[in-house]
Amino acid sequence: MLPQKIYSSFTSRSAGDSLSEQILALLDQQKKTWPQLAKGYEALELIRVREVQCDGYSVRLQLNPKRIVSSGAKVDAKSISERKCFLCIDNLPEGQKGILYQNQFLVLCNPAPIFSQHYTISDVNHIPQEIEKFLGIFFSLAKDFTGFTVFYNGPKCGASAPDHMHFQACPSGAIPVERDVEEVRRRSSIGKVGAVSGFMVRDYGRRVLVLESADGGELESYILNLLRSMKKVLATNEEPMLNILCSFHQNTWRVIIFPRRKHRPDVYFREGDAQVLISPAAVDIGGLVITPIEKDFQNVDAKMIQNIFEEVSINKGVLEKIIGGM
Ligand SMILES: [Zn+2]
C-alpha cells in the first residue's frame, strides 16, 4: 500500500476523532489540495434540480453534466478489462487521499459529486463487486458513518467499477426513498423473522423491499437467505441484480433493497436525439434521477420516469415468489 495515499486511519478501536469527523476533515483537505475535486464541487453548485410528480410518488431530477463519466460509462467486460481501474490505490490521481477503514477499505472523496458530501469506499484490493461477502462490513460502515447512508450498486446494475468492490456514501435523507419508506401507508408487511422486520413498499412504481433490525447478525442471515431465494427463482448462480441502501439510526439498521431485472432502459440505447441518458443505479431508482444532458433534464416527464422504473425493476409476481421461497 502507498502510505502517501493514506490521510488517516480508522478502526473500531481508534481513539480520537469519530469517523464522521474524519470524513469531513478529509473532504475539506481534499477540496484544498486536489484541484479535480475542487472543480467537481464547484460544478455541483451550478446543478439544476426539478421535481417530477409521478403516479403515487415524486422524483427529483438533477442536471449534473459531470456525471456523464458514470452514466455514459462502458461497463461491458471488454471495456472494463481494457481500462485502468480508477479505484486501485496505485492508480489514484495525484492529490487524492483516503481514510483507511478497518484496514480493509479506503474512504475516498468522489470527484463527480451528486451530494454536498459524496464518498466512494473502495476495497484496498482489486476484487470484484459482490455483496454476499461484505454484508458485515456494509453494516459497520453504515453504523460508523453517522448521519450518512451507505449504498451499494450490483456489478450489473449501476456500478461503474464492477471489477473493484466498493460502496458509496451520502448524507442521510438526500435520496427521496429514505423519507418515502417512513410513511406508514406505504408499508405492506412481509412479517418478522427473529429480530428482522420486513415490508414492501406499495404503489411506488418500482419494487422495494425494506428490512429493519437492531441485530446485524440476524440481518445478515436474512439477506443471505434472500439472495439464495433470488438465485433459485431467477435460476442463476450469479449475484442477482440489486441496489441497496443502508443506514443506522437509534440502534437500528434499515436496509432498502431494489431488486432489478435490467440495468439500462431501452431509451438509453436509442440513437441521436431519441436517446435518453438515464442509467439507473441506487441514487436514481431511489428517486434522485441524474441527467447529465440538458435536453433530457428539460424533456423527461412523469411517463418516461414511470416507464423506466417499471422496466428496470423486478416483476411484482417474481418478488413475491422470492419472498415466499425464503
Ligand atoms: Zn481496482
Near S160, within a Cβ-to-Cβ distance under 14 Å, what is the net charge of the other residues, with Lys and Arg +1 and Asp and Glu -1? +4
Where does the chain land at 222 nm, in deg cm²/dmol rounded to the nearest 500, when only DSSP H runs of n ≥ 4 count, each adding -39500 (n - 2.57), divided by all residues? -8500 deg cm²/dmol
Please identify, among V312, V283, V184, the residue showing maximal mean-square fluctuation in a Gaussian network model of the chain using a 10 angstrom Cα cutoff. V184
May I have the convex hull volume per residue, in Å³, for the Cα set of the stretch 68-203? 150
Arranged from highest to lowest average of other beta-carbon atoms within 10 Å per residue, in what order do the peptides 125-134, 224-233, 72-81 appear? 224-233, 125-134, 72-81
Given Cβ charges of +1 for Lys and Arg and -1 for Asp and Glu, the option among Q104, G191, M165 whose Cα lies farthest towards the positive end of the dipole of the chain is G191
Counting C-alpha atoms alone, how compact is the stretch 62-102: give Rg to one decimal and Dmax as a whole number, in angstrom. 13.4, 36
7 Å from Cα along Cα→Cβ at both K232 and K133: what's the point-to-point distance in nm? 2.5
Choice from C54, C109, C157 with maximal GNM fluctuation in the chain (Cα, 10 Å cutoff): C54
How big is the chain in terms of Cα radius of gyration and Dmax, in angstroms? 19.0, 55
Could you work out how far apart the two model spin labels at V318 and S116 are, taking each label as a point 7 Å from the Cα in the direction of the beta carbon, and quote it in nm? 3.8
Can you compute the modelled spin-label distance between R202 and A302, with each label point 7 Å from Cα toward Cβ, in nm? 2.1
Multiplying the sequence separation of R60 and K78 by 0.36 nm and subtracting their Cα-Cα distance, what value in nm do you get? 3.1 nm
Distance between the stretch 171-189 and the stretch 277-302 - C-alpha centres, whole angstrom: 20
Past the 27 Å Cα-Cα mark, which pairs from K97/K262; K32/K133; K5/K66; K231/K316? K97/K262; K32/K133
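Based on the Cβ-Cβ distance of A25 and Q4, what FRET efficiency does E = 1/(1 + (r/R0)^6) give at R0 = 25 Å, to the nearest 0.05?
According to the calculation, E is roughly 0.90.
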Here the gain from full extension of L224 to D273, 0.36 nm per residue of separation minus their alpha-carbon distance, amounts to 13.4 nm
Stick to the Cα atoms of the stretch 192-309, pair each with every other, and give me the Kirkwood hydrodynamic radius in Å at one decimal. 16.1
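Where a number appears in this text, it was derived from the coordinates with a stated rule and is not lab data. From a predicted model like this one, the values you see are computed outputs, not experimental measurements. Quick reminder, even Gly has a Cβ in these numbers, built from the backbone with ideal geometry, and neighbours come from all protein chains shown.
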